[in-house]
Structures are given as structure tokens and as C-alpha cells.
Amino acid sequence: MGGMPDAVIPRLRTWTVRSRIVALLTVLTLLSVFAAGTVAYFVERSRVMEQIDINLESALESGSFTVSSATAPWASVELALAAVVQRVAPDDNTGTLGILDGRAALVPGVPADVQLEKLPGFVDRIVAETAGHVTVMGTYVSEDGRAVRYVAAPVSLGEVDESQPPQAVFVTGYAVQQELAEINEAAQVFTITALVATVATFLIALWVSGRLLRPIRRMREVAERSSAANLDERVPTGDGRDDVSQLAVTVNRMLDRLGGALDSQRELLRDVGHELKTPITIVRGHLELVDSTDPADVDETRELAIDELDRMARLVDDLRAAARLRDPGAFSIRPTDLAVLTEHIASKARAIAGADIAEEVSSPPVTAALDPDRITQAMLQLVANALRHAQGPITIGARARGRDVELFVRDRGPGVPDELKAVIFERFRRGVAEGRGDGGSGLGLSIVQLIAETHGGRAWVTDAWVKQAGEAQPSRGSEFIVSLPGAVAIEEPQGPDTGVGETGPTGAATHPPGLLAPQAAAPAGDDPAGNDPARNDEEQSWHRS
């Protein structure tokens, strides 16, 4: 599918999340306010119309009472009608009328708000509706839209001749628009107030959403400006404690991690380039100078080239191993019997050709949360490192400090200079006594540090003084330590579930068949860690680095 045309993108970008939030809040406020106002208006209007009918019925009852409660018989229908018209108390927005012989004849003695007699066709309509001597209630609407709610009742004395129209008719009515004027004015005020409130909601929502979404806008701007060449810019966070501000903090941390990873990759490429440059230069130089007619020179050059190519292969294998350890799925941390694991590591170390491992293996009887395979890998790497630089027996052990665990490898070598202790675990960092011809890639200790860091700990080295039986003075050496904070598990060891072995009834460590490597030295080329053959081709290189 083709990409979106460039001309469309700016138009779409104007409809931002902020615009959507503000528009939605404004529309919802407007609809909510006017829905509530409309319902209230019609409820109140219905109440007013109902009250008009109640007032008309009350006026009718009052007129009927006036006629029927006279102490003496009325002399004429005209007098009775006049009494009714005059005694009905006029209300606001009302009018009263007396009709005699089909014409408007009587009005109240005080000015009325509604002059019924002047309404076009009103009198004729009342005469027609009451011709059958019936009381009627209805609504009159004039041509100009004025509505009058009225009640009309014939006034009669004695026998009623239904064959003739009533001589007198009493009429009272309410002007509907004037009665509704009060709530109409209130509705107008409500409408203006609602519009003002909606505008205020719009402005407040615009301001609040701008403040809340500012970190997101800055995140977008920072993301647009960020690239592999520049990951130094960060999103300003301010003092906000809301979710969006916390998102900005999280994004900054992510950028820190990405920047660190990018710097690490650049450093790795630089280091690898430096490490590969020397063997490539050596091989190229010898190939250019080899005398093809001299078999001895050819054989010597061939052996040198193979040796340098083996070195590069080991470097590539170590790089693959280090990269694989950065995958969280490469670790399986589980409760492990520390004493059994330490003895297991010592047994594997004794299988390495030339290894002189002390018989005594000290370890506390605790259960620790760790990956036994990776810890074994790290410890055997430290043993291999000690074999290249130390003399005499190598001591392997573990100790618990509260809930922290420390596994150590102690040797009797020349020690590590103070200036190298802080950097010896860095990638491609070699000691002053180590040369390129010892087979090391400079990645072994960095792999140990990576394993320790994945467990939440660290690897470090300190000076050690080792005194053997029969020696007058202790010998100086180094102690390489893998520290695992908080690794001691609360649970007691659960036998086979400890991940390495279980403790027998006598307290001695027992192991499943085939777990421990044989005591004899492994044949050349075998993996001294005794790893699974399925993993051997991927991990066999770590013990050489």
C-alpha cells in the first residue's frame, strides 16, 4: 500500500489528542447542561399549565357559589351575572367577561390584564360552545399567536330551557404567554449561564489538558529529534506527580537505557575492531612475506595463521555467549542448596586439566535463589582465570552474610594491582602480566560480571593471604567474589527441587546419577563444566576466556 500523501498529514495532525479531549468535554458539558435545562423547563411549564386549569376551576366554583348562596332570589340573570363578574378576584394575567344575549356586556370594575372582549371572534366562539347550556374549558389562540386558556359557564335561574341558548355566560381566562413569561425569562437566563459555563469549561479544559499533556507533547518532540546519533535530550518532568508526569520519567529512564545500550554497542564495536585488527594484521603480514618456495616458512606461517584464526573464533564465541546472557530467558533462578552447588562446582573444577583444587570446600547449609548453571559457569570461569595467573591450590567456597550470598575463588597468585581492581571486570581488560598468547579473549571476567549483575549482584576482587599447612608465613593471593544480595531463601531446602542435589539423612550431599563430573581430568577439547551437549557448541568457549 502506498504511504499517506504528505499534504494530508498536517491536516490530520491538527486534530490532536488535546483537541479531542477539549472538544469532547465541551460537547458533553453543553449536552448535559441543556438536557437538564430542557427537562426542567418542560416540567415547570407543565406545572404552570396545570396550575392555570386549577385556578380556572376555582374561579368557576367561586362564581357558582356566588349565585347559589344569595340570601334572596336574584331579580334577573343580568344581576346574578354582574355579581359573579364583580366578585371574582382578578389575578395576574387574567381577564373576566360577562356575556348577555350573545354580546360582551359586563367586565370587572378594575382594569384586567387580559381584555377578553377585545379578542377577535372570542365572544362568538364562547356563545357557540355554550349554546347547549354546557360548561366548557379550552384554549383560544389569536392570529398573532396569543393563547388564552379559558373556562365558560352559563348562568341561569330556575328552570333551564335547553332549546334556547343561555341568556348569560360567565367567562374567565388566563393569558398563557404571560403566565409562562417568568419561566421563559428563567430559561433565557439559564441558557446564557449554560453558554458561559460551556465556554468556561472549554477554556479550563484547554488549560488543564495543555498542562497535563505537555509532557506527552514534549515526548513527541524529543522522539522526533532523537536518533542514533543523539540520545542526550530528555523530557522535562517538572514537579508533577500525575500519571503523565510519571510516564515522562519512565520515558527518560528508557532513553537512559537506550543511550547506555547504544554506547555499549559502540564501545563493543570499537573494542572488537581493535581486538580483530591485530590478528588480521599479523596474518596478512605473514602471508605477504611468506616464501612459497620454502616449505618450512609455509608451515610456520600456516600454523601462525591457524592460531590467530582460532583466537578470532574464540573471540566470536565469547561475544555470542555474552550476548546470549543478556537475554532474560537465559536465566532460570530457583531455590538451590548452596552447599551442594559449591561442592558440585569444585567437582567440575577438579576435572579441568592442570587444576589443583583444595579438598576443603566451605559453604553454609542454606538455600539460595539463583541460577545454578550460570553461577557454575561464572565460578569455573574464575577458576580458569586463576589457573592462568596463580600457583598452588585454588580454594572454592561460599559464605552467607545475613541474606546475602558470596561465592569465591581464592588463589595464590601475584594478586591484582589496585589500579586494575576497579576495571578488571570490564570487557577486553587484561592484566599487566597477561599477554595475547595465553589464549584469553578478555571477555571471561566481563561474563562473570554480567552473570552477577543479572542476579542483582556484582563481581569484585580483593587481596587474600593464604597459609597452607607447613608454611611459616601466609602467601599473598587474590580472592574473586560473586556477591548475590538477598539470595538466601526463607524456605527450607526441598530436596530434589533445590536444582542441584539434596541432603541425605547424615547431612552429606547426595547427587543424582551423572550430575557430578568425573574426578579424572577431562580429555582435551571436552567442556570442563560438563554442560549438556545440546548447549556445548554455544557455551563451550566461556571457560577459555
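Every number here is computed from the coordinates shown, using simple stated rules; none is lab data. Computed from a predicted structure; not experimentally measured. Neighbour counts run over all protein chains shown; Cβ positions are idealised from the backbone, glycine included.
Summary of computed values
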item: Selection of trypsin sites (Lys or Arg not before Pro), the stretch 261-354, meeting DSSP coil and at most 16 other Cβ within 10 Å; result: Arg326
item: Fewest-first ranking of Leu203, Leu338, using other Cβ atoms within 10 Å as the exposure measure; result: Leu203, Leu338
item: The stretch 147-199: GluC sites (Glu not before Pro) in DSSP coil with no more than 15 other Cβ atoms inside 10 Å; result: Glu159, Glu162
item: Förster-model FRET efficiency, 35 Å R0, Leu206 and Glu233, C-beta, rounded to 0.05; result: 0.80
item: Ranked list, fewest to most other Cβ atoms within 10 Å of each Cβ, for Met379, Met137; result: Met137, Met379
item: Residue (of Pro236, Thr193, Ile280) at the positive-pole extreme of the stretch 178-300, dipole from beta-carbon charges; result: Thr193
item: The stretch 69-189, relative contact order [Cα under 8 Å, separation at least 6], %; result: 28
item: Inter-part distance where the stretch 274-335 and the stretch 194-215 are each reduced to a Cα centre, Å; result: 66
item: Sorted by Cβ neighbour density within 10 Å, fewest at the top, the residues Val85, Val134; result: Val134, Val85
item: Three-way shape call for the stretch 22-183 based on the alpha-carbon gyration tensor, with the a/c threshold at 1.5; result: prolate
item: Neighbour-limited loop hits for GluC sites (Glu not before Pro), the stretch 302-368 (at most 15 other Cβ within 10 Å; DSSP other than H, G, I, E, B); result: Glu359, Glu360
item: Proximal charge balance of Ala398 [Cβ under 13 Å; K/R count +1, D/E count -1]; result: -3
item: Mean Cβ count within 10 Å, highest first, over the residues of peptides 258-264, 96-102; result: 96-102, 258-264
item: Extension reserve of the Ser142-Thr193 stretch, reckoned as 0.36 nm per residue once the Cα distance is removed; result: 15.0 nm
